[in-house]
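This report concerns only the one structure given below.
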Amino acid sequence: MFRSKDPRFGKLTVVDKENGGTKADAVNAGLNVATYPYFINTDVDCILARDAIYQCIMPVLDNEHVIAVSGAMAMSNGCKMSKGEIVEAFPPHTLIPLFQTLEYMRSFLIGKMGWSAINSMPNVSGGYGLFDRKVVIAAGGYSPDSFAEDMDMLIRMVGYCCDTSRKYTVVQIPQTCCWTEGPSNIRILSRQRIRWGRGLIQTFARHRRFVFNRKYRQLGMVTLPYLLIFEFCAPMIEFIGTLTLVFLALTGAVNWNTAWVIFWAIYVFCLTLSLVVIFYDYTLGGSYRKFKSYLWILMAAILEPFIYHPMVVFFSLKGYWNYFIKTKAVWGEMTRKGFSSEPKTI
């Protein structure tokens, strides 16, 4: 650990330590030397907006019960950068990062904004989030062997608040505070999503006492039951459903007229949801300045159910399988350029 000798950065403390194998280990090292009431957890390959800290501290100033704030994130793949800043934002022009761009937009602008409105946030993204340091420490800090450290930490923070009868609020803000480089090919994407799948089942195994437990308020009665059914069970249901459909098709037991009606109803619903978030982002002057940039996102929305979604389902199932057979899990590198996934704590 050393302090900057440059007077412009007199309050900067740099912690250099051996890689402990997980992101949680690095964040805990930063927490051990942090002195301010709040800290920001981000990744080394992230590019922050100039007003990122300002945007995330505003909910804290408005409400003393805020224990965590999540800022919206976007993909930096395809953007023009200069001197560590995004000069002009463009959507990726390769399929894998493009699909993730749409996925991030849906997650932050619809999913998490909705969860935030009922104070039921499932996690604060490990890419960029502001936390109450005392609550994090009181909850035991980040678990060094967790592969879903962002969800695991927030669950334990909320659990601590409920156990001590402390009021709490977790907020999602719609402003894009952070740009991150997403997996650029299927191989890197598979490593990330397998780890996420393994982390999800690990989280439920560790925190099953919270599920359907009224003591833990929205976390126990809304958030975790939803995640159990629509996040954890969904890949297994889809896989079994696909096998069943193939079997019925081979045996001639499918009413194809009804099947096509169901297929188009589901497809139109998914496409409509994506169109809503694209329109919402564009009308608010969000991620991109030029209208044609959103045409790329629209193309991703059209193709996603046939290309990207099946891959994500497969990787999630593989993550579950790796958890059950106790395959050794490692973080690895998540970007094409080889940037480490180790975090920075501010």
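The values are calculated or read from the model by the stated rules, or taken from the named source; none is laboratory data. The structure displayed is predicted, hence computed values, not measured ones. Using ideal geometry, Cβ is built from the backbone for each residue, glycine included, and neighbour counts are taken over all protein chains shown. Heads up: the accessible areas ignore ligands, DNA and RNA and are worked out on the full protein's heavy atoms, side chains in. Shrake-Rupley method; radii C 1.70, N 1.55, O 1.52, S 1.80 Å.
Things to note:
- Applying the criterion of being assigned to a helix (DSSP H, G or I) and open to solvent by less than 10 Å² (accessible area, probe 1.4 Å) to the residues of segment 139-157, the residue that is nearest to residue 284 (Cα to Cα) is 154.
- Count of segment 164-179 residues which are touching a Cys at 6+ places or on another chain (Cβ under 9 Å) and open to solvent by less than 10 Å² (accessible area, probe 1.4 Å): 2
- Of the criteria (1) in contact with a Ser or Thr (Cβ under 8 Å, 6 or more places away or on another chain); (2) surrounded by 11 or more Cβ atoms within 10 Å (Cβ to Cβ); (3) without any contact (Cβ under 8 Å) to a residue 24 or more places away in the chain, which one residue 9 fails: (1)
- Sole exception among (1) in a helix (DSSP H, G or I); (2) of a type outside the set (A, V, I, L, M); (3) modelled with pLDDT of 95 or more; (4) open to solvent by 20 Å² or more (accessible area, probe 1.4 Å) for residue 161, by number: (4)
- Enumerated strands (runs of 3 or more DSSP E) restricted to segment 12-131, each holding at least 1 residues that are open to solvent by less than 40 Å² (accessible area, probe 1.4 Å) and under 22 Å from residue 309 (Cα atoms): 66-75
- Selected residue [more than 18 Å from residue 169 (Cα to Cα), acidic (Asp, Glu) and in contact with an Asp or Glu (Cβ under 9 Å, 6 or more places away or on another chain)] from 85, 103: 103
- Test for residue 132: is it in contact with a strand residue (DSSP E or B) (Cβ under 8 Å, 6 or more places away or on another chain) and either more than 28 Å from residue 221 (Cα to Cα) or of a type in the set (Gly, Ala, Ser) (or both): no
- Flag if residue 196 is open to solvent by 40 Å² or more (accessible area, probe 1.4 Å), hydrophobic (A, V, I, L, M, F, W, C) and in contact (Cβ under 8 Å) with a residue 12 or more places away in the chain: yes
- Residue check, residue 239 open to solvent by 50 Å² or more (accessible area, probe 1.4 Å), in contact with a Phe, Trp or Tyr (Cβ under 9 Å, 6 or more places away or on another chain), at pLDDT 95 or above and assigned to a helix (DSSP H, G or I): yes
- Of the residues in segment 280-301, none is at pLDDT below 95, of a type outside the set (Ser, Thr, Tyr), in a helix (DSSP H, G or I) and more than 23 Å from residue 79 (Cβ to Cβ).
- Subset of segment 242-273 (residues that are surrounded by 12 or more Cβ atoms within 10 Å (Cβ to Cβ) and not in a helix (DSSP H, G or I)): 254
- Residues of segment 188-216 classified as among the charged types (D, E, K, R) and under 19 Å from the mean Cα position of the chain (by Cα), total: 4
- Looking only at segment 307-329, and only at residues there that are open to solvent by less than 70 Å² (accessible area, probe 1.4 Å), assigned to a helix (DSSP H, G or I) and of a type in the set (A, V, I, L, M, F, W, C), the one that is farthest from residue 198 (Cα to Cα): 311
- The listed residue being more than 30 Å from residue 80 (Cα to Cα) and touching a residue at least 40 places away in the same chain (Cβ under 8 Å), out of 190, 116, 165: 116
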